[in-house]
Ligand code: GUN
């Protein structure tokens, strides 16, 4: 089953291609070389607005966020998530556990309480966790129907079986499919190459692309001649975690390039896994920042709303 079909079944009607036509008052989204910028901020705003409307008619959807590390980046991410929930008229609570005081058993106990609390529809444990705490154990202690990150075995299994209408899907890869869909990028019959095989992005991304009827290649750090493999892609999704790994030599003319990476350069600027020179050959590119990142948060709102709604309907 394709993602947009499963969302439609769940009451989220997301039209395809609505962002491909440039409104006359917007600045030109194309670079001088004709590469279209796939604007995640605009697409995410569209999804957030949809969630804001749905929550009014469907009733409350509450996310509990657990922050158990001192990592400043994690705190920033969590604050962005809480703010987005507020703006959409959805509720959330932040449970902070000081990193020095956290233990695996205390975290599991906390999650069990949230699992049993009917007013909590989604549970998110911000990663990474402090050293010595098993990420797997913590994720697996979340009830699958509240696992709004879609990281737990149950949801991973449903994704790979193609049972998308029952699954909570990982926010970043699902956000990529929605972003491409809103821009009218068709995946059916295309050759998609995913660079990176992480559990959070690469693997679920490849599963979702497969369900969109793309022919999927997963490449990674041990792939011989990565450049050649990438150059075969109609759609290239880069989630390698390496700053500017992919440059114009990796990209076929006219390909759609999705950059999932985000890094801080030594001079304080942000960059992705893709070098900006790909705009000279690519047909479309997600910018960093403002591409995939905003979609991740928007999909978290949508997942929490879905979790609440699925439970309400006893699914
Ligand atoms: N840390 C970085 N990205 C994520 C994410 O998507 N979910 C969680 N829980 N932690 C993260």
Looking at the range 213-315, what % of the alpha carbon pairs are farther apart than 15 Å?
-> 67 percent
Where only C-alpha atoms are counted, convex hull volume of the range 161-235 per residue in Å³ = 91 Å³
What's the center-to-center distance, using Cα atoms, between the range 153-219 and the range 258-297 in Å?
-> 19 Å
With each run of n ≥ 4 DSSP H residues scored as -39500 (n - 2.57), what mean residue ellipticity at 222 nm is computed for the chain after dividing by its residue count and rounding to the nearest 500 deg cm²/dmol?
-> -11500 deg cm²/dmol
Note down the nm distance, to one decimal, between modelled labels 7 Å out along Cα→Cβ at residue 222 and at residue 52.
-> 4.8 nm
What angle do you read, to the nearest 10 degrees and between 0 and 90, between the alpha-carbon axis of helix 171-182 and the longest principal axis of the chain?
-> 50 degrees
From the C-alpha gyration tensor of the range 1-115, pull out the three semi-axes of the equivalent ellipsoid (sqrt of 5λ each), sorted largest to smallest, in whole Å.
-> 35, 21, 13
Normalised Cα Rg of the range 216-262, dividing by 2.2 N^0.38 Å with N its residue count, works out at 1.03
Tensor-based shape of the range 22-181 (alpha-carbon gyration tensor, a/c under 1.5 rounded, otherwise prolate or oblate) = prolate
Candidates 290, 122, 202; GNM for the chain (alpha-carbon contacts under 10 Å) flags as most fluctuating 290
Note the angle between two axes, namely the Cα long axis of helix 40-58 and the longest principal axis of the Cα atoms of the chain, as a number of degrees from 0 to 90, rounded to the nearest 10.
-> 30 degrees
Per-peptide average of other Cβ atoms within 10 Å, ordering 179-188, 234-243 highest first = 234-243, 179-188
Which of 93, 105, 37 fluctuates most in a GNM of the chain (C-alpha springs under 10 Å)? That residue is 105
With the chain treated as a Gaussian network of Cα nodes joined by springs under 10 Å, which of 84, 99, 284 yields the largest mean-square fluctuation?
-> 99
Rounded to whole Å, √(5λ) for the Cα gyration tensor eigenvalues of the chain, largest first, gives 31, 22, 19
Report, to the nearest 10°, how far helix 104-116 tilts away from the longest principal axis of the Cα atoms in the chain, using its own Cα long axis and a range of 0 to 90°.
-> 80 degrees
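Values in this text are rule-based calculations from the coordinates and carry no lab data. For clarity, every value in this text was computed on a predicted model and none was experimentally measured. Here the Cβ is made from the backbone with ideal geometry for all residues, glycine too, and neighbour counts use every protein chain on show.
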